[in-house]
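Some notes on the structure that comes next.
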Amino acid sequence: MFRISSVGKHTYRFYILGQNSLVGNIAKCESIRRQSTSADNLANYPYKSLIVSSPKKHVFHVEINRPEKLNAFNKVLWREMGECFAQLGEDSLCRAVVLSGQGKLFTAGIDLTDLTELGSVVTSDDDIAKKCRTLFKTITHYQNSLSSLEECPKPVIAAVHGACIGAGIDLISAADVRYCTSDAWFQIKEVELGLAADVGTLQRFPKTIGSSSVARELCFTARKFLSDEAVKIGFISRVFPDKAGLVKSALELAETIAKKSPVAMQTTKETLNYSRDHTVEEGLKFIAGRNMAFLQSADLMKAAMAMMNKESAEFSDY
């Protein structure tokens, strides 16, 4: 057990170390290595409309960053949202994600400038086939952007404060868990704009709350519903007095998730999503097919040994 230090050119001094000192230095080096890796990794998320940070080990925090435009969805945000969650899905250092918004509200929905541009396509003199192709490509691009939250294998926790309107409902309907502040309110606004919601709300929202009647009422009327009603209908899990407490609790939940086996966690999310859209029998066959492989993962043995020894397990990145 020794330490080496330089005392001059080509001259080194050796020190004998105790075991505790050695272990402490190894742990310190590992901590520094992880911090360096995390910092280097965040450099891979250079987005204009999103802020990406990693406040806890294996936990990433994505913030919508257009506060001057009420976090409305413009072309850049639509593109970057999809790219970011696709990237997080492949990032082995990421095990859970918190999504929130900068500024005084979560999101005001679609940027009216973008909506006006879509209107110009409709009123143009192009052939209807060309206009249909353009609109179809745009709509599916928007759909894929928000579906990236659902397709990301890592659990996504939406933390909503203030207003969550239109595309915001589409967005958080694709998240796995939804928290909000007591002053949050929600609105499926599309019918007021003369169109049907087309990027996820009509497909996911009814299944999320489990009541076709309530879902249809909110979609047909475009009325606002507050945080207490959102909890009552099952759209929101928990409510917090302010944004600071909201984000803190969302990050704590993400940290709890991140400490568990990433193999088990990602398989659980994948199976829940599959089972939602298939029969019970199909869902059972699906998880049997997954677990005939994943039961052989080292994570199972690590978790079992940690439980027996009453200690926390350390899992490899996945």
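Mind pulling the angle between the C-alpha long axis of helix 262-276 and the longest principal axis of the chain? Nearest 10 degrees, somewhere in 0 to 90.
Computed tilt is about 20 degrees.
Determine ³J(HN,Hα), in whole Hz, for all residues of region 244-253 in sequence, where each value follows from phi through the Karplus function 6.51 cos²θ - 1.76 cosθ + 1.60 and θ = phi - 60°; x replaces Gly and Pro.
Calculated HN-Hα couplings, in order: 4, x, 4, 5, 4, 5, 5, 5, 5, 5 Hz.
If one takes the longest principal axis of the Cα atoms in the chain, at what angle in degrees, from 0 to 90 and to the nearest 10, does the Cα axis of helix 298-308 lie?
So the inclination is approximately 70 degrees.
Return the calculated 222 nm mean residue ellipticity for the chain, to the nearest 500 deg cm²/dmol, obtained by summing -39500 (n - 2.57) across DSSP H runs with n ≥ 4 and dividing by the residue count. Can you show the working numbers first?
Numbers: 12 runs with 165 residues, N = 318.
It comes out at -16500 deg cm²/dmol, rounded to the nearest 500.
For region 260-318, compute Rg over Rh where Rg is the Cα radius of gyration and Rh is the Kirkwood radius from the inverse mean 1/r over Cα pairs. Could the numbers behind the result be given before it?
Values: Rg = 13.2 Å, Rh = 12.4 Å.
Rg/Rh for region 260-318 comes to 1.06.
Just one of [x] 20; [y] 28; [z] 31 is percent of Cα pairs over 37 Å apart as worked out from the coordinates here. Which one is it?
Matching the structure shown: [y].
Before anything else, pin down the relative contact order of the chain: Cα pairs under 8 Å, at least 6 apart, normalised by residue count, whole percent.
Working: 491 pairs, mean separation 45.9, N = 318.
This gives 14 percent for the chain.
How much of the DSSP beta bridge set in the chain is antiparallel, as a percent to the nearest 5?
Details: 14 of 35 bridges.
If we restrict to bridges inside the chain, about 40 percent are antiparallel.
Can you tell me the 0 to 90 degree angle between the C-alpha axis of helix 112-123 and the longest principal axis of the chain, rounded to 10?
Helix 112-123 and the main axis of the chain meet at about 50 degrees.
Rank by packing, highest mean first: peptides 249-256, 236-243, with packing defined as the count of other Cβ atoms within 10 Å averaged across residues. If you can, show how the numbers build up before the last one.
Working: 249-256: 18.8, 236-243: 16.5.
The peptides rank, most packed first, as 249-256, 236-243.
Three principal axis extents, largest first, for the C-alpha atoms of region 182-318, in Å?
Extents along the principal axes: 56, 40, 22 Å.
Going by amide H atoms built from the backbone, whose H comes under 5 Å of the H on residue 101, apart from near neighbours?
Amide H to amide H, under 5 Å and 5 or more residues apart or across chains, residue 101 pairs with 64, 161.
Cross-link candidates for residue 189: which lysines have Cα within less than 22 Å, leaving aside residues fewer than 8 places away along the same chain?
Cross-link targets: 69, 75, 104, 207, 224, 232.
Hey, can you rank 130-141, 60-71 by average C-beta count inside 10 Å, highest first?
On the way: 130-141: 12.9, 60-71: 20.0.
Result, highest mean Cβ count within 10 Å first: 60-71, 130-141.
So what are the ³J(HN,Hα) numbers for region 131-136, from phi and the Karplus equation (6.51, -1.76, 1.60; θ = phi - 60°), rounded to whole Hz, Gly and Pro as x?
Couplings: 5, 4, 4, 4, 5, 4 Hz.
If each residue's Cβ is checked for other Cβ atoms within 10 Å, how do 295, 88, 300, 77 rank with the fewest at the top?
Details: 295 10, 88 23, 300 15, 77 26.
Neighbour counts put them in this order, fewest first: 295, 300, 88, 77.
Sort 192, 83 so that the residue with the fewest other Cβ atoms within 10 Å of its own Cβ comes first and the one with the most comes last. Show your work: numbers first, answer last.
Numbers: 192 12, 83 15.
Fewest to most other Cβ atoms nearby, the residues stand as 192, 83.
If the cut-off is a Cα-Cα distance under 18 Å, which lysines reach residue 302, setting aside same-chain residues fewer than 8 apart in sequence?
Counting by Cα, and skipping residues close in sequence, residue 302 has these lysines nearby: 259, 260, 310.
A short reminder: the numbers here are calculations on the coordinates, not readings from a lab. Bear in mind that the values here come from a model prediction, so they are computed numbers and not experimental data. Backbone-built Cβ (ideal geometry, glycine too); neighbour counts: all protein chains shown.
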